1. Taking a quarter of the surface of the Cα convex hull of the stretch 284-359, what do you get in nm²?
2. Any idea what the relative contact order of the stretch 131-215 is, in percent, if you count C-alpha pairs under 8 Å spaced at least 6 apart?
3. How many angstrom separate the Cα center of the stretch 296-371 from the Cα center of the stretch 185-248?
4. Once fully extended, how much extra length lies between residue 295 and residue 361, figured as 0.36 nm per residue of separation less the alpha-carbon to alpha-carbon distance?
5. In the stretch 195-290, what trypsin sites (Lys or Arg not before Pro) fall in a loop by DSSP, with at most 10 other Cβ atoms inside 10 Å?
6. At q = 0.15 Å⁻¹, what base-10 log of I(q)/I(0) does the Debye formula yield for the stretch 102-169 when every alpha carbon is treated as an equal point scatterer in vacuo?
7. How big is D, in µm² s⁻¹, for the stretch 229-298 by Stokes-Einstein at 10 °C and 1.306 mPa s if Rh is the Kirkwood radius over C-alpha pairs?
8. At R0 = 60 Å, how high is the FRET efficiency between residue 337 and residue 240 if r is their beta carbon distance? Nearest 0.05 is fine.
Amino acid sequence: MTDVFGSLFWYVVTIGLLVTFHEFGHFWVARRCGVKVHRFSIGFGKPLWMRTGRDGTEYVLAAIPLGGYVSMLDERAEDVPPEQAHAALNRKPVWQKIAVAAAGPIANILLAILVFWTLHVVGEPDHEPLIGKVSGISAEAELQAQSRVISVDGRPVTAWSEVANGVFEAAIYRRDVTIETVDADGIQRKHSLELSAIPQTVHPKQLGEHIGLARFSPAVAGKITAGEPAELAGLKQGDRFIAINGDPVDDFGSVWKAVQKHGAKGSLRVRVQRGTELREFEVVPVKREYRGETFLAMGVSEPGLLLRYGPLDAIPKAFASTYTTTAKSLQFLKDMLTGVLSTEHLSGPVTIAQVANFTANEGLPWFLGFLGAVSLGLAILNLLPIPILDGGHILYYLIELIKGSPVSERTLVAGQYVGLAMLSGLIGLAFFNDISGLFR
């Protein structure tokens with residue numbers, strides 16, 4: 001139940017933040033263009049909280065956290081007194097109407113840039129691109145444990161996330177990929193992962209089992225948490241674990257297993273190598289709980305990288321992250337529409353809630369990366385030329401710009417029905433993928 005409530009909470013936080021920025025974009029530009037705004041609402045349905053501003057705009061927090069809206073004065077939707085006609089949206093120049101419609105997605109893009117900038121300043125946790133245990137296709141490609149990956153399909157890599165993302169993306173397309181490695185003896189090798197052999201029926205969540213590529217984490221102490229058993233015993237960052245209660249350990253995973261195995265009996269005899277010296281410490285682990293599971297901990301994190309940039313250097317990195325994420329999202333969308341990719345890759349609110357909860361529990365950098373990606377996804381979705389969405393409105397305004405007059409009322413109504421049907425189908429498919437994914 002903790003995961004359920006956690007997922008619901010972080011979903012509301014995520015969608016609430018993204019929708020607020022999106023709708024504020026519409027609201028701010030509409031006000032700048034002299035359009036009267038009736039209501040600024042976060043959420044749909046019955047208002048939980050409402051306040052009326054001096055300008056007469058109602059600011060609402062509603063019960064259903066699935067979006068939001070900005071209601072504006074418009075002669076196509078209501079009777080407008082002659083003295084207020086100048087403030088109606090439909091009376092504004094076409095370029096202003098386009099600006100109002102585009103402002104929401106643009107606000108989400110700007111939010112994504114800000115979020116990615118914050119991520120690069122705070123620091124993005126990552127790991128050395130070292131290969132761990134291999135199986136399946138990775139074993140067939142003769143990848144060797146503890147080898148360092150230096151490139152994926154010719155693209156140099158410096159962190160494990162680049163390896164994982166490159167291989168997984170190739171697996172989605174069932175495209176073979178070449179990995180170049182350097183082993184402990186300094187010998188470079190090229191390995192071809194035949195990902196095209198993965199059956200098309202394999203669900204995206206099961207791709208990892210077929211790829212069989214795991215990360216190797218050395219048995220080295222990363223961050224030592226202040227006040228925790230490891231620090232109290234005298235362990236320091238950089239200590240290399242040799243054995244725990246006599247059991248040899250060769251990676252961080254075996255350190256964790258040894259702590260769980262022997263920790264319940266009391267103190268642990270932890271042997272480490274510090275520089276050229278061998279030392280032994282007595283550590284008393286403590287119980288911890290995470291996502292409903294209880295385990296023993298020493299207060300030592302596994303070693304990793306922190307990809308951090310200064311405030312100025314983070315600016316181009318933020319734009320680069322925004323561009324890359326947008327380009328890949330558009331490519332995935334195009335490939336799903338053309339049948340190159342299965343629509344199983346389309347996710348909905350359930351998956352968003354689960355990932356929001358997971359990334360929030362992992363830490364701020366993880367959540368920021370997720371938030372930036374979803375913000376861009378929301379911008380792209382709303383720019384699709386589907387009536388009802390912002391992109392549909394922009395399409396209508398472009399037609400108006402070309403023909404010199406607004407589209408007819410009949411066309412507007414028909415478009416609303418078509419757009420509603422398309423959007424309902426899209427949401428229904430996303431929900432279906434979410435629910436079916438829960439049972440895989």
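1. Working: hull surface 35.0 nm².
Hull-based average projected area comes out at 8.7 nm².
2. About 39 percent, as a whole number.
3. Between the Cα centres of the stretch 296-371 and the stretch 185-248 lies a distance of 20 Å.
4. 22.1 nm
5. Details: sites: 205, 215, 223, 236, 240, 257, 261, 265, 269, 271, 274, 279, 287, 288; in loops: 223, 236, 265.
Here the trypsin sites (Lys or Arg not before Pro) that fit, given the DSSP loop and packing criteria, are 265.
6. Taken in order of the listed q values, log10 I(q)/I(0) reads -0.65.
7. The calculation lands on 129 µm²/s.
8. 0.70
Read-outs throughout are calculated quantities, based only on the coordinates presented, and are distinct from any laboratory measurement. Values in this document were obtained by computation on a predicted structure and should not be read as measured data. Every residue, glycine among them, receives a Cβ derived from its backbone with ideal geometry; neighbour counts consider all protein chains shown.
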